[in-house]
Every structure is written in structure tokens, then in C-alpha cells.
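The values are calculated or read from the model by the stated rules, or taken from the named source; none is laboratory data. If you're wondering where the values come from, they're calculated on a predicted model, not measured in any experiment. Cβ: placed from backbone, ideal geometry, glycine included. Neighbour counts: every protein chain shown. These accessible areas exclude ligands, DNA and RNA; they are computed on the full protein's heavy atoms, side chains included. Shrake-Rupley method; radii C 1.70, N 1.55, O 1.52, S 1.80 Å.
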Amino acid sequence: MAEKIKYILDVEEVPKSWYNILPDLPGKLAPPLHPGTKEPITPDMLAPLFPMELIKQEMSQEGMIAIPEEVREHLIRIARPTPLYRASRLEKYLKTPAKIFYKREDVSFVGSHKANTAIAQAYYNKKEGIEKLSTETGAGQWGSALALACSMFDLKCEVFMVRASYDQKPHRKTIMKLYGAEVHASPSSVTEAGKKILSEDPKCTGSLGIAISEAIEVAAKDEKTHYSLGSVLNHVMLHQTVIGQEVLKQFEMADVKPDMMIGCVGGGSNFAGFTFPAIGQKLKGKLECEFIAVEPTAAPSITGVESGKSKFEYDFGDTAGMTPLLKMYTLGHKFIPSPIHAGGLRYHGMAPTVSHLANEGVVKAEAYEQLETFESAAIFTRTEGIIPAPESAHAIHSAIVHAKRAKEKNEEKVIVFNLSGHGLLDLGGYESVLKL
Ligand SMILES: *Cc1c(COP(=O)(O)O)cnc(C)c1O
């Protein structure tokens, strides 16, 4: 009989709580520091930007945090639970004894995992009487996700989109506008931070760090506007753990134990959401598995440590130096990466939780060049039939590398990666890199 290729959960099996890794972390997570005093920040310092419920989650030591029913309902509406697929055609193509699986976060309405946290964030802001959310976006996936979430909760949405992507991916801007958001190319002339950069470099193609500075400035100036971040922070990692909890149930359905879980990392959220529930099990001695975070060589936050390009130290989350200082792997907050097509991976830092786990050796990191990731994406398209996001292509490439190694060693490894999004709006990138 042919092997099963799809593992689909019932709607009732969408998690009812988020998994909080903070109490399970080995060692102590370094606290965020106030940029001026260098003292640990207190909840009231974050209150101008975030609703209190999210600030509590940011620092919570509770192991499981209940998902509000309304949030869960919207998660179900936009595609949860998502399927786990067996990459049987890719396995055959590679002639590998490894079993390869992938979790499909590409099926959400906005084509990536990002709506998982956007919905939760919009919900808590709405509940506190906020009227508008401001944010930054790189490739446009986060902006689209937040614009969708704001439309669901009748909030206004203002998005600062990195100039390089704004020009490369005009359709993302259209999506955000269709959901009702206001979109600026960043650096823009609507904020002081943007104007300052433009006065120094009128042709600046932008960076996530700059766009964050602009979005924070807009929120700081208006009581009824809050800021929303699509990655990096603890509460974002938390919201994404619906992915990994579903995956653990799907492993049971498939009757497998993973040997290797792989995700691409920009700020770290899809990787965290996918792996943290399993990492929790590993930390409790219930699972033997490797966890691999994959970066582009153009923005090697974790892997750059060896060559001195990056450091594990306190740094700002944005370019202007307005955010709290976070202890993380960082390329430096002034870092402007080359405009690779995996826009979501062009961030200078890495989530403090993911950084901490990498520093403790629980998470391993790898980095790959743009061309090889696109070539692997094309193999995936031709075997599995899905056009992946250039970000997800990094996870796919790593899975292929490890499946080939398994073939050399004749090992029946179980390799699972997170397909964080689809690439149907990244065709320009495919055309230019693969010369199509
Ligand atoms: C944003 C994005 C990423 C990178 O962000 P993380 O916070 O590291 O997950 C990866 N894949 C896709 C499809 C994205 O949209």
C-alpha cells in the first residue's frame, strides 16, 4: 500500500493554549534593558507601545497560556489546523532513505505563518481600546498579516514597508491596501526617523531596522495608536507555538519521532513556533531531536559569530536605537543587508529566546547562499508541486542537504521542516535568480 502523504487534524484539535518556553529554558534569559539607564525594563515602560496583556505574556513564567476563544475562532477561519505533508516525491527524487515531512503554513489567507500572531495582537489591542496599529514590513508578509488581522477587528493599520521590497514586490502593497491599510515606502518622509535617513542618503533602499524606527515613532506620538512587531519578541514566539503543538500531534498520527526539525530564521518566529513545543519535550528528556535554524549568508546573525560578523550581545531592535536593548545574536543595529529576495530574513538580530537556545547549544545554525536555496526551491516545486517563499527555501535547502547526507550514510532519518510560506508573490525573485 502506498504511504500516507497528508496528516490532517480536526478543527477541535487546534490548540487551546500557547506553549510558553520561558519557564523551561536552561539557564537564565537575559532581560531586556532600558536604552538610557541600562536597567531591566518594567512593564509600564512598554505600555505606550503594547497592550498590557501582551506585556504580561512577554514576561510570563506560566507554562501554558489560554488562547482567547475569539482568537482561536479567527485562527480556524484563516486555515488552522494546517496539514503536515510527507514529501514522498522529493524523497524519491533524492533517492534518500530519509523520511521528509513539512508543515504547511503557506495555506493561511496571507500565505505565511505570520497571521498566527497578527490575530492575537490585534485582538488584545482592540480589547484595550486602541484604534490603530503601526508596524514595519520587509517583504510584505507581516504587513499583509497585520492588515488582515486589523480588518477582522476593525482597527486602522499603518505600515512602513522597506523600500527595496516596496519596489520589488508591488503586489504586497496592493494586498495591504485591499485589507484597508495605509502603506509607506521606508525610509519615508512622514516620520523624523525617515526624514533623517533620507537627508543623509536620498536613495536609501531601507532596512527592517529603519522601518521599525518609523513605526515606533508613529505609535509613540499617538495615544490611540500602538505598535505591533511580527517577530523577535517573546509574545510573538508564544503565539506561533500553535504550529509546533499541531506538529507534535501529527507526529503521533504519522507514528514517527523527528530526528531533525528545520526552520528558516529571520527574527526567529516561524522557527520558534514550529520547534519550541518539541524543544520543551527535549529539555524534559522526552525527545531526542536536533533543531536547525537556517539563515541566509547575507544576514548571518547566528552563524556570523565565527567570522566576527556578528556577536551575542545587547543591541537595539531598530536602527535609530529607540527600542529596549535585547540580548541576542546581532549583526549590529546599523547593518543594512544586501537586497536578497528572502526579504523576511534580512533582519540584523535574532529573537532573544532563539539566541539563548543557540548559545546553550540546543539550537544549531546553518547559513546558505541565495542561489542554492532557489535551486532547491525549484526542485521542491517540481516534486511536491508547491512554489515556496524564498525564506522557506532556506529550510528546504537544509532538509535536502541533510537528506543527501542520510543517503550517503544510509540512515533512515526523519527530517521535518516548516514551510513558512508560499512564493506566489515572489516570482520576480525566481525570475532574476534562476534566469527564467
Ligand atoms: C517573515 C517570514 C519569515 C521570517 O520571519 P521569522 O520571524 O524568522 O519567522 C520566514 N518565512 C516567511 C514566509 C515569512 O513571511
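Below are the figures for this structure:
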quantity	calculated
Subset of the range 154-178 [outside any helix (DSSP H, G or I) and surrounded by fewer than 20 Cβ atoms within 10 Å (Cβ to Cβ)]	ASP154, LYS156
Condition met for ALA403 (crowded, with 19+ Cβ neighbours inside 10 Å and either within 20 Å of the chain's Cα centre (by Cα) or within 13 Å of the ligand (Cβ to nearest atom) (or both))	no
Check on GLY361, open to solvent by 10 Å² or more (accessible area, probe 1.4 Å) and modelled with pLDDT of 95 or more	yes
Filtered residue count, the range 104-129, keeping only those that are within 12 Å of the ligand (Cβ to nearest atom) and not in a helix (DSSP H, G or I)	7
Qualifying positions in the range 47-94 - open to solvent by 20 Å² or more (accessible area, probe 1.4 Å), aliphatic (A, V, I, L, M) and over 21 Å from the mean Cα position of the chain (by Cα)	ALA47, MET52, ALA66
Search result, residues across the range 130-153 that are more than 12 Å from the ligand (Cβ to nearest atom), part of a loop (DSSP other than H, G, I, E, B) and either without any contact (Cβ under 8 Å) to a residue 12 or more places away in the chain or in contact with a helix residue (DSSP H, G or I) (Cβ under 7 Å, 6 or more places away or on another chain) (or both)	PHE153
Number of positions in the range 4-42 that are surrounded by 14 or more Cβ atoms within 10 Å (Cβ to Cβ) and of a type in the set (Asp, Glu)	2
Which numbered condition THR135 fails, given (1) at pLDDT 95 or above; (2) over 14 Å from GLY209 (Cα atoms); (3) hydroxyl-bearing (Ser, Thr, Tyr)	(2)
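Yes/no per residue for (1) closer than 26 Å to ASN116 by Cα; (2) assigned to a helix (DSSP H, G or I); (3) more than 15 Å from the ligand (Cβ to nearest atom):
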| residue | (1), (2), (3) |
| --- | --- |
| GLY263 | yes, no, no |
| GLY266 | yes, no, no |
| ASN270 | yes, yes, no |
| LYS286 | no, no, yes |
| GLU295 | yes, no, no |
| ALA299 | yes, no, no |
| GLY304 | no, yes, yes |
| GLY308 | no, no, yes |
